[in-house]
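Notes follow once the structure below has been shown.
Just so it is clear, none of the values below were taken in a lab; they were calculated from the coordinates. Keep in mind it's a predicted model, so treat the numbers as computed, not measured. Using ideal geometry, Cβ is built from the backbone for each residue, glycine included, and neighbour counts are taken over all protein chains shown.
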Amino acid sequence: MMELTNARPHLSFPRSAWECSLGRSSGPNPYTTLERRHLLPRWSVGARDKWLAALGASVQGELDRVSQALTGRIRQLAERYATPLPKLIEEVDTLAAQVDDHLKAMGFTWN
């Protein structure tokens, strides 16, 4: 790099061409004039993909959780109401009669 700097005065082409050949320009740095809106599309594609993937996974996890809770509640209700009410009333009457018989056998009386 030092040799090119020392050789510069002997070159016959303009200064800007020489600086361009070294990767420099005589004008303002193009990266300092870039605005945020110019940069976003380039870096945000990867970030947007990662964000959407994370958001999708989060939503799917929440849907799974709610679905499992709903399924559990439906099973609980199905078990609770699997036996029809007339059969439950019949079982209660049978058990109440057995309790009454036991209480009479023990000597308890009530009105």
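Return the residues of the stretch 82-111 that are assigned to a loop (DSSP other than H, G, I, E, B) and surrounded by 10 or more Cβ atoms within 10 Å (Cβ to Cβ); say none if nothing qualifies. So that I can check it myself, show each step before the final result.
Of the stretch 82-111, the ones assigned to a loop (DSSP other than H, G, I, E, B) are 82-84, 107-111.
Of everything in the stretch 82-111, just one residue is assigned to a loop (DSSP other than H, G, I, E, B) and surrounded by 10 or more Cβ atoms within 10 Å (Cβ to Cβ), namely T83.
Name every residue in the stretch 55-111 that is polar (S, T, N, Q) and in contact with a helix residue (DSSP H, G or I) (Cβ under 9 Å, 6 or more places away or on another chain), in order of residue number.
First pass over the stretch 55-111, keeping only residues polar (S, T, N, Q): 58, 60, 67-68, 71, 76, 83, 94, 98, 109, 111.
Passing the criteria: T83, T109.
Filter the stretch 54-82 for residues that are aliphatic (A, V, I, L, M) and over 24 Å from the mean Cα position of the chain (by Cα) and give the result.
Filtering the stretch 54-82 for residues aliphatic (A, V, I, L, M) gives 54-55, 57, 59, 63, 66, 69-70, 74, 77-78, 82.
If the condition is that a residue be aliphatic (A, V, I, L, M) and over 24 Å from the mean Cα position of the chain (by Cα), then I74, L77, A78, A82 are the ones that fit.
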